[in-house]
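**Q** Right, I'll just put the structure down here and ask away after.
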Amino acid sequence: MNEMTIGALFFCLLICAVGAMCIASPSRLVTATHRYTARTFYFVASLRVMFGITLIFAAPASRIPNFINILGIVVVFSGVVLFLVGYKRFRKFIDWWASHGSAFIRGTGVLAMMIGVALAYALVP
């Protein structure tokens, strides 16, 4: 297992942790997202770009390298789009997401955990 795979697995763990927080305490997660500042937003967008780059470099050693490579490109692109969308529009999206109630937030948490686990499985050769 190479260093990029280990880095990508760390990001998968992070995705699962956020998903678990959505499930366990949606109100805490909403409170945490409302504390986001512009600096935090750009940090998170940078993490997304780094995750995508990590996926691209980890792809050759994975179970499904073509899919992981394409997913890495999509994640990098989504991080760049976050930079272009900006903090104010992102804030509106978070408000929309939080307004749907705890069942919706828990559902997104389940989805995040499923994606994190499936991606970790695909990354480990």
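**Q** Determine whether the stretch 70-90 contains at least one residue that is aliphatic (A, V, I, L, M), outside any helix (DSSP H, G or I) and more than 15 Å from the chain's Cα centre (by Cα).
**A** No, the conditions are met nowhere in the stretch 70-90.
**Q** Evaluate the stretch 29-41: report whether one residue or more is among the hydrophobic types (A, V, I, L, M, F, W, C), closer than 30 Å to N2 by Cα, surrounded by 15 or more Cβ atoms within 10 Å (Cβ to Cβ) and within 17 Å of the chain's Cα centre (by Cα).
**A** Of all residues in the stretch 29-41, those among the hydrophobic types (A, V, I, L, M, F, W, C) come to 29-30, 32, 38, 41.
Subsequent filtering for residues that are closer than 30 Å to N2 by Cα retains 41.
With surrounded by 15 or more Cβ atoms within 10 Å (Cβ to Cβ) added as a condition, the list becomes 41.
Adding the requirement that they be within 17 Å of the chain's Cα centre (by Cα) leaves 41.
Yes: one or more hits.
**Q** Hey, another quick one. Residue check: is R91 surrounded by 13 or more Cβ atoms within 10 Å (Cβ to Cβ), among the charged types (D, E, K, R) and closer than 19 Å to I6 by Cα?
**A** no
**Q** Please name all residue pairs, on different chains or six or more residues apart, with Cβ atoms under 6 Å, provided the first residue is in the stretch 1-21 and is polar (S, T, N, Q) and the second residue is buried (at least 17 other Cβ atoms within 10 Å of the Cβ).
**A** If the second residue must be buried (at least 17 other Cβ atoms within 10 Å of the Cβ), the pairs left are T5/A58; T5/L123.
Yes/no matrix, rows are residues, columns are (1) under 23 Å from L123 (Cβ atoms); (2) at pLDDT below 95:
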residue	(1), (2)
A24	no, no
V30	no, yes
T33	no, yes
Y36	no, yes
R39	no, yes
V49	yes, no
I56	yes, no
F77	yes, no
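**Q** Here is a further query. Say whether the condition of being part of a helix (DSSP H, G or I), among the hydrophobic types (A, V, I, L, M, F, W, C) and in contact with a Pro (Cβ under 9 Å, 6 or more places away or on another chain) is met by at least one residue in the stretch 105-113.
**A** yes
**Q** Oh, and also: Under the condition of being surrounded by 17 or more Cβ atoms within 10 Å (Cβ to Cβ) and β-branched (V, I, T), which residue from the stretch 58-88 is farthest from L9 (Cα to Cα)?
**A** Per the stated criteria, the residue is V76.
For every residue, the table says whether it meets (1) in contact with a Lys or Arg (Cβ under 7 Å, 6 or more places away or on another chain); (2) polar (S, T, N, Q); (3) farther than 15 Å from V117 by Cβ.
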| site | (1), (2), (3) |
| --- | --- |
| I6 | no, no, yes |
| C22 | yes, no, no |
| T31 | no, yes, yes |
| T54 | no, yes, yes |
| F57 | no, no, yes |
| N69 | no, yes, yes |
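**Q** Count, please, the residues in the stretch 8-27 that happen to be within 17 Å of A58 (Cα to Cα) and more than 9 Å from the chain's Cα centre (by Cα).
**A** Of the residues in the stretch 8-27, 4 are within 17 Å of A58 (Cα to Cα) and more than 9 Å from the chain's Cα centre (by Cα).
The values are calculated or read from the model by the stated rules, or taken from the named source; none is laboratory data. Not measured: the values here are computed from a predicted model. Using ideal geometry, Cβ is built from the backbone for each residue, glycine included, and neighbour counts are taken over all protein chains shown.
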